[in-house]
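Asks: Structure in structure tokens, see below.
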Amino acid sequence: MNDFCTLRTMLRRNLEFNPGKTALIEGERSYTFAEFADRCQRMANALLGFGLKKGERVAILSKNSIENAESYFSIPIAGLVLVMLNFRLAPREMLDILTDAEPAVLMVNQEYLEHYEEIKDRLPFVRKLIFIGDRNLRPEGWLHYEELIEKAPTDCPATPLYEEDLAALLYTSGTTGAPKGCMATHRNFYHVGRSLTLELKMDENDVGIIASPLFHATGEVTLMNHVYSGTTSVIMPGWDVELFLGLVEKYRVTTGMLATPMVLFLAAYQTPEKFDFSSLKKIYFAGAPVTPVVFEKAIKTYGNVFIHLFGTSETVGQATILTTRDVARALEAGKSEILASCGRSFADMECQVVDENDNPVPPEVVGEIRVRGLGNVKGYWRKEKETAQVFRQGWYYPLDLCRVDEEGYIYIVDRKKDMIITGGENVYPAEVENVLYRHPAVSQAAVIALPDEKWGEAVTAVIEVRPGFEIDSEEIRAFCKKEIASYKVPRRIIQVEQMPRSASGKILKYRLRQQLSAS
């Protein structure tokens, strides 16, 4: 087995080439690549000092921070497996992921202690608790993140490490709402960093920004790109247009990745001229298709600096790329329809659009996209059946319907599954419907996506009310917020007398979308 394409290799590269260069900036804190490697190796040794065995999981709950970025390296280089929790989830949803992953260690930032308190009695597998934050606020019985680093040896951990070893479980959701952990390897992460460095032609003049959440594929991709290429990462704790543009101006940021809604916010921002963003050169984005009108507006305001990617957690990031060169060439020829494309196959990835027999379809014929390459994960953690459904003969099937034009550019047409992408986050209707059905006034519920200028897609609940009951939209939303994350709560709630149904009684969601989109 190869022990070269690992996260340890990425740290060593920067110790050789960029030891004194700034690696991470978060507010007033910053570390060089030498300090970053030292801190990661110390934390790795501290974790191994607990007696953890190779392959055990370590989870972290925090907003974007230096600690989050370090965890992508410190945990895997110890031979352990990172579980980065989505801080936007409700405690009950976090419990589902923790129960599936069974981490031996849980790291929690001080602002999320209440989340832990709500579920702590149901975490028998957690043996050690690590507190991130003000040392004076550390709860009794908890270890402190910085104290562990201060006391641990700085040597590279002795655990044998290979490229096929698991590095992280990247949690997504299944069509039933059950969490699925994508088994990402060291080679997957190494590939992400290397391929983006090649595709974007990164060099010593680049300065990067991490604007997307690090629990999300867009955040993970950005970090791997920056560390592989030796690029400084300016870490944003959360998204804000003015903070983003202010940091771009302050640090002369050239590159970074956004979720699609962030591009929408930038395009809609009224006074961008207040900031000097002339340093921007290559801002890549993914998470949902962007309408050509919005894409064109963003280009007119900020320049031809936006690079559209398509990918999933199962591909550990990008599978296709629409480059600024592609965009420039098409727009010069008057072909603005290119702005609806997600491009062509990414470096070390191959994408095909195929029919039901896995034969490539002709240009402009709709088929299903499939992806293979160095980014594809091993499958889903402890879910063999679900893995077999979408990972077949070396290909991953995202269940997206696409077409390809004469030049090989791919266009996403629709999704075979009903997943909604709102604000860059995946929402599965079945999960929301299950909550709605718990409400005593709800007889039937169907959750669909409707177009939304701000969020890309709006979670919309269509409800049939039980006889003798009345419902209030705000009360329904408050009911949902007790069970699911805020971004999953329906933004629109529509009452109907009767749902459109098939002969077998199944609710026809495509009819609902047609009716409501036209209204």
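The values are calculated or read from the model by the stated rules, or taken from the named source; none is laboratory data. The model shown is predicted, which means the values in this text are computed figures rather than measured ones. A quick note on method: Cβ atoms are made from the backbone with ideal geometry, for glycine too, and the neighbour counts reach across all protein chains shown.
Asks: May I ask you to list pairs of residues, at least six apart or on different chains, whose Cβ atoms are under 9 Å apart, with the first in the range 255-283 being surrounded by fewer than 17 Cβ atoms within 10 Å (Cβ to Cβ) and among the small types (G, A, S) and the second being modelled with pLDDT under 95 and part of a helix (DSSP H, G or I)?
Replies: Sorted first by the residue in the range 255-283, then by its partner, the pairs are A268/V294; A268/K297.
Asks: Would you point out which residue out of F277, F265 is outside any strand (DSSP E or B) and over 21 Å from R325 (Cβ atoms)?
Replies: Only one candidate passes the filter, namely F265.
Asks: Ok, one more. Looking at the range 213-224, I want the residues that are more than 14 Å from E314 (Cβ to Cβ) and in the same structural domain as E26 (by TED's automatic domain parsing) and have a partner that is of a type in the set (G, A, S) and at pLDDT 95 or above with Cβ atoms under 6 Å, at least 6 apart or on another chain. Which pairs are those?
Replies: T222/G256; L223/A69; M224/G193
Asks: For the subset of the range 333-354 comprising residues that are at pLDDT below 95 and charged (D, E, K, R), which member is surrounded by the most Cβ atoms within 10 Å (Cβ to Cβ)?
Replies: Within the range 333-354, the match that is surrounded by the most Cβ atoms within 10 Å (Cβ to Cβ) is K335.
Asks: Determine whether the range 374-382 contains at least one residue that is within 18 Å of M183 (Cβ to Cβ), surrounded by fewer than 18 Cβ atoms within 10 Å (Cβ to Cβ) and in contact (Cβ under 8 Å) with a residue 60 or more places away in the chain.
Replies: Yes, there is a match, as at least one residue in the range 374-382 is within 18 Å of M183 (Cβ to Cβ), surrounded by fewer than 18 Cβ atoms within 10 Å (Cβ to Cβ) and in contact (Cβ under 8 Å) with a residue 60 or more places away in the chain.
Asks: Follow-up. Which of the residues that make up the range 217-238 are surrounded by 23 or more Cβ atoms within 10 Å (Cβ to Cβ) and in a loop (DSSP other than H, G, I, E, B)?
Replies: Hit for the range 217-238 is T231, nothing else.
Asks: Within the range 160-182, restricting attention to residues that are modelled with pLDDT of 95 or more and surrounded by fewer than 20 Cβ atoms within 10 Å (Cβ to Cβ), which residue is nearest to G219 (Cα to Cα)?
Replies: E164
Asks: For the range 22-134, give me every one of the strands (runs of 3 or more DSSP E) that falls completely inside it and has 1 or more residues that are acidic (D, E) and surrounded by fewer than 23 Cβ atoms within 10 Å (Cβ to Cβ).
Replies: 22-26
Asks: Does A347 qualify as being farther than 22 Å from T291 by Cβ, under 21 Å from the mean Cα position of the chain (by Cα) and outside the structural domain of G456 (by TED's automatic domain parsing)?
Replies: Taking the combined requirement at face value, the residue satisfies it.
Asks: Quick one: would you say E425 is among the acidic types (D, E) and either assigned by TED's automatic domain parsing to the domain that holds K180 or surrounded by 21 or more Cβ atoms within 10 Å (Cβ to Cβ) (or both)?
Replies: When the stated conditions are applied, E425 passes them.
Asks: Can you pull out every residue in the range 365-402 that is charged (D, E, K, R) and either closer than 15 Å to Q318 by Cα or not assigned by TED's automatic domain parsing to the domain that holds V81 (or both)?
Replies: R370, R372, D400
Asks: Right, another one. Look at the range 442-460 and say how many of its residues are farther than 19 Å from T291 by Cβ and either surrounded by fewer than 18 Cβ atoms within 10 Å (Cβ to Cβ) or free of Cβ contacts under 8 Å to residues at least 24 places away in the same chain (or both).
Replies: 3
Asks: Would you mention how many residues in the range 439-485 are closer than 22 Å to N86 by Cα, in contact with a helix residue (DSSP H, G or I) (Cβ under 8 Å, 6 or more places away or on another chain) and of a type in the set (D, E, K, R)?
Replies: Total satisfying the criteria: 2.
Asks: If you don't mind, there's one more thing I want to ask. Would you mention how many residues in the range 25-45 are under 18 Å from H226 (Cα atoms) and either in contact with a helix residue (DSSP H, G or I) (Cβ under 8 Å, 6 or more places away or on another chain) or not assigned by TED's automatic domain parsing to the domain that holds G79 (or both)?
Replies: Here the count works out to 10.
Asks: Pairs please, first residue from the range 505-519 and at pLDDT 85 or above, second anywhere and among the acidic types (D, E) and in a helix (DSSP H, G or I), Cβ atoms under 6 Å, 6+ apart in sequence or on different chains.
Replies: Correct list of pairs: empty, since none qualify.
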